[in-house]
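Presented below is the structure to which this report refers.
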Amino acid sequence: MMAFSRRRAHKGFDRATAASRAALVLAFAGSVTACGGDDVTGVGRELVAGGVVRTVEIVLDAADFLAADSTLGGFTSPSTAGNRLIALDVGAGLVARSAHQFSGTPFAIDVQTDSATIVQDTLATFVGARLAIVLDSLSVAPGDSALLVLAALGEEWDPQTATWENALDSAFANTPWTAPGGGAVQDLDSSLWIAGGDTIAGGDTVSFFVDSATAAAWTDTGDPARGALIRTDADGARLEVGSAILWLMARPSVGPDTIIEVAISTTGQTTLIVTPPPPPDVLLVGGAPGNRAFFQFSPGLDTIPVPCPEAGVECSLTVADADLTFAGLEVTPVAVPGIPPILRTVTLSGRSVNPDPQFPLVRAPLGASTGSVDVMAAAMGGVADSTIVVDATRFLSTLIEGEDAPDRLAVVSQTEGLRFGTVAIRGLGPTQEPRLRLVLTVATPQEIR
C-alpha cells in the first residue's frame with residue numbers, strides 16, 4: 001500500500017528559448033572548466049593534442065533540470081524486515097513496538113532418563129515460559145539502558161499486515177485496533193536492558209517471564225488473538241530485535257524434579273510503528289515499509305548550451321552535440337526527528353521509471369540500475385556524507401537521445417525494506433535543493449564541420 005506521496009512542480013520554470021539556456025550556462029561559468037593536459041579522464045583535459053576535444057563540467061540547479069519530485073512509501077511491509085524495532089521519541093512522534101505470534105505446544109518433549117537414554121514424554125506439565133529476545137548490538141550505544149515492557153495482545157490480528165492503526169490491513173478488509181498500537185493489552189513483565197550485558201550471537205539478550213496460563217494461550221494456534229507485544233516507555237530509546245524465542249518450562253513426567261526448556265519459534269512477527277510525516281521539502285529512501293524518492297526531469301535538457309572547449313572560439317554547442325561522460329544527481333542528506341536514521345552503510349541506486357497511464361506511479365515498473373552509491377552512517381545514526389551523488393548517466397543518456405524515453409528517476413535502497421533506517425534527503429524547497437552535475441566531452445566546431 002502507499003504510505004504517503006507528494007508531487008510538487010517547481011514554480012517559475014520556463015524553457016521557452018535556447019537563449020535563456022545560454023544565459024543559464026553563463027551563470028555557471030564558475031562550474032565549467034576547460035584547460036590543457038593529457039589526462040583523458042579529468043574534467044577540462046585535452047583528449048586530442050592541440051585542444052580539439054576536451055571535457056567540460058556543468059552543474060545545474062534544481063530549477064533548471066527538475067520539474068517535480070515526490071516520495072512514495074509502502075513498497076514493503078514491516079513484517080518482512082530483518083529485525084523488529086522498539087523505539088520511543090515522544091517529542092518527534094515516533095513510537096515502535098514489536099509484536100510476535102508463536103507456534104503451538106509440542107505433542108511430546110525429549111527427556112533424558114537416568115540411564116542416559118532419550119525418551120519421548122507426552123505427559124509433561126508446562127509450568128510457565130521465558131520469552132528471550134536478542135537485540136542487535138549495533139543498533140544501540142554502549143552504556144545505554146531502557147526499560148522494556150512485555151504485554152499480551154488481546155485482539156485478533158494478522159502478523160503479516162498489522163499496522164499501528166489496524167490489526168488487519170489488507171486490500172480486502174481493514175480491522176482497526178480498539179486503541180492504536182496493539183489495542184487493549186495486559187502488561188505481564190518488564191526487564192531493564194543495559195548495553196554490554198549478556199551477549200549471545202552478537203546481540204544482547206533480554207528475558208521476560210510469564211505464567212503457565214499465558215504460555216498456554218500463546219501456543220494455542222486456534223486463537224488468532226494470541227501474541228506478545230514489547231514496548232519501551234524510555235523516551236529516546238531505539239532497539240532492534242533480531243530474534244524472539246518462547247522457551248516453555250516443562251516438568252517431565254519421568255523426572256518431575258527437573259525443569260526442561262523447550263524452544264517455541266515464531267510463526268509471524270512485525271513492528272507496529274508510527275512516524276511523523278517528513279517536511280514538505282524532504283524525500284525518504286529505504287526504511288520499512290520501503291520508501292522511494294522520485295525525480296521528474298524537465299524536457300529539453302538536450303538543448304542546454306555547452307561552453308566552447310577553447311577560449312576565444314565562438315560556437316553554439318548543446319548537450320546533444322556532446323558525449324555525456326557522467327551525470328550525477330547530487331542530493332543533500334538531512335536528519336529528520338522521528339524518522340529512524342540509518343545505522344549502517346546502505347547502498348542506493350537510481351532506477352528509471354516506466355510509467356503506464358493505466359496505473360499509478362506506485363505501481364510503475366522500474367528499469368535497470370543506473371549505478372549505485374554507498375551511503376555511510378555517522379556514529380549512532382544519520383548520514384556521514386554531506387552530499388550523496390547518485391549515478392544517473394545511463395538514465396540521462398537515454399533521456400537526451402530518445403523522445404519517448406522515461407523522464408522519471410527513482411532513487412531506491414538496494415536492501416529495501418530489510419532495515420528501518422531511512423535516508424532522508426532534501427528535495428525541491430527553500431534550501432539545499434538537488435543539483436545535476438554533467439561531465440561532457442566536446443569538440444571545437446572548426447574540427448567537426
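The values are calculated or read from the model by the stated rules, or taken from the named source; none is laboratory data. Remember, it's a predicted structure, so these values are computed and weren't measured experimentally. Using ideal geometry, Cβ is built from the backbone for each residue, glycine included, and neighbour counts are taken over all protein chains shown. These accessible areas exclude ligands, DNA and RNA; they are computed on the full protein's heavy atoms, side chains included. Shrake-Rupley method; radii C 1.70, N 1.55, O 1.52, S 1.80 Å.
Observations
- Whichever residue in the range 80-105 is modelled with pLDDT under 95 and among the hydroxyl-bearing types (Ser, Thr, Tyr) and, among such residues, is farthest from the chain's Cα centre (by Cα): 105
- Conditions (1) more than 27 Å from the chain's Cα centre (by Cα); (2) among the polar types (S, T, N, Q); (3) surrounded by fewer than 19 Cβ atoms within 10 Å (Cβ to Cβ): number failed by residue 160: (1)
- Of all residues in the range 324-340, those being open to solvent by 30 Å² or more (accessible area, probe 1.4 Å), in contact with a Ser or Thr (Cβ under 7 Å, 6 or more places away or on another chain) and either among the polar types (S, T, N, Q) or farther than 15 Å from residue 399 by Cβ (or both) number 1.
- Residues located in the range 175-184, provided they are surrounded by 13 or more Cβ atoms within 10 Å (Cβ to Cβ) and in contact with a Gly (Cβ under 6 Å, 6 or more places away or on another chain): 177
- Condition met for residue 436 (modelled with pLDDT of 95 or more and of a type outside the set (Val, Ile, Thr)): yes
- Residue in the range 63-122 that is surrounded by the most Cβ atoms within 10 Å (Cβ to Cβ), counting only those that are of a type in the set (Asp, Glu) and assigned to a strand (DSSP E or B): 69
- Taken over the range 248-269, the criterion of being among the hydrophobic types (A, V, I, L, M, F, W, C) and touching a residue at least 60 places away in the same chain (Cβ under 8 Å) is satisfied by 248, 249, 250, 254, 259, 260, 262, 264.
- Total residues in the range 378-418, condition open to solvent by 30 Å² or more (accessible area, probe 1.4 Å) and in contact with a Lys or Arg (Cβ under 7 Å, 6 or more places away or on another chain): 0
- Taking the criterion of being more than 30 Å from residue 421 (Cβ to Cβ), in contact (Cβ under 8 Å) with a residue 24 or more places away in the chain and out of contact with any helix residue (DSSP H, G or I) (no Cβ under 6 Å at 6 or more places or on another chain), the residues of the range 219-246 that qualify are 219, 220, 221, 224, 225.
- For the residues 209, 172, the requirement of being hydrophobic (A, V, I, L, M, F, W, C), open to solvent by 40 Å² or more (accessible area, probe 1.4 Å), farther than 30 Å from residue 92 by Cα and assigned to a strand (DSSP E or B) singles out 209.
- The range 212-250 - residue that is of a type in the set (Val, Ile, Thr) and part of a strand (DSSP E or B) and, of those, surrounded by the fewest Cβ atoms within 10 Å (Cβ to Cβ): 245
- Qualifying residue in the range 251-266 (condition: modelled with pLDDT of 90 or more, more than 20 Å from residue 146 (Cα to Cα) and surrounded by fewer than 13 Cβ atoms within 10 Å (Cβ to Cβ)): yes
- Only listed residue being under 24 Å from residue 97 (Cα atoms) and of a type in the set (S, T, N, Q), chosen from 270, 318: 270
- Failed item, numbered, when residue 181 is tested on (1) modelled with pLDDT of 95 or more; (2) assigned to a strand (DSSP E or B); (3) under 25 Å from the mean Cα position of the chain (by Cα): (2)
- Of the residues making up the range 279-303, those that are out of contact with any Ser or Thr (no Cβ under 7 Å at 6 or more places or on another chain) and surrounded by fewer than 24 Cβ atoms within 10 Å (Cβ to Cβ) are 279, 280, 281, 282, 296, 297, 298, 299, 300, 301.
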